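Data block below; observations after.
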């Protein structure tokens, strides 16, 4: 599972170092690839197996469902396989543009995926979620341990 947050720097070619704890997740699965896509002003990065599960479900969406079409056009179509080489991935320019990534970025673990944020956007978003976190939604109430 992808956990924790860390700050990183993108180089001019869009290369991003992946934290060792995130690479361990891939190593445990004998995988050297992340599937990266654009969502909500950031990028979502999945291990290939978890992405495949999502794709298999998406393939069964009703053919003429407007929400399904929008999901496929907006989320699935922007997905790119990014190989981990020397502990880094190269994020294509189109995805960097979608997420507004500049030089300074934040990686935020989300269990089955992690997010890649422009640092300024992350700080704005994190302030919002810090304020909203104490409010329990019905789905969060189900997390009882």
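Values quoted throughout were computed directly from the atomic coordinates according to the rules given, and no laboratory measurement underlies them. Because the structure is predicted, anything quoted here is derived from the model rather than measured. All Cβ positions, even for glycine, are placed from backbone atoms using ideal geometry, and neighbour counts span all protein chains on display.
In deg cm²/dmol and to the nearest 500, what is the mean residue ellipticity at 222 nm of the chain if only DSSP H runs of at least 4 residues count, each as -39500 (n - 2.57), divided by the residue total?
-9500 deg cm²/dmol
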Open item on the list: Looking at the chain as a GNM with Cα springs under 10 Å, which of 47, 79, 59 has the largest mean-square fluctuation?
Closed with: 59
Task: Relative contact order of the chain, pairs being alpha-carbon contacts under 8 Å that are 6 or more residues apart, as % - done: 35 percent
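Give me the percent of Cα-Cα pairs in the chain that sit more than 28 Å apart, rounded to a whole number. Display every interim value, and only then the final one.
Values: 2391 of 10440 pairs.
Summing the P(r) of the chain above 28 Å gives 23 percent of all pairs.
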TODO: Starting with the fewest neighbours, write out 105, 53, 129 ranked by other beta-carbon atoms found within 10 Å of each beta-carbon.
DONE: 129, 53, 105
Open item on the list: For a quick check, take a GNM of the chain with Cα springs below 10 Å and name the residue from 72, 43, 34 with the largest mean-square fluctuation.
Closed with: 72
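If you build the convex hull over the alpha carbons only and average its shadow over all orientations, what do you get for region 34-82? Give it in nm² to one decimal. Intermediate results must be reported in sequence, preceding the final value.
Numbers: hull surface 13.0 nm².
Computed as one quarter of the Cα hull surface, the answer is 3.3 nm².
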Task: Extension gain (nm, one decimal) between residue 124 and residue 1, 0.36 nm per residue minus Cα-Cα - done: 41.8 nm
TODO: Whole Å is fine, so just give me how far the alpha carbon centre of region 5-31 lies from that of region 78-117.
DONE: 9 Å
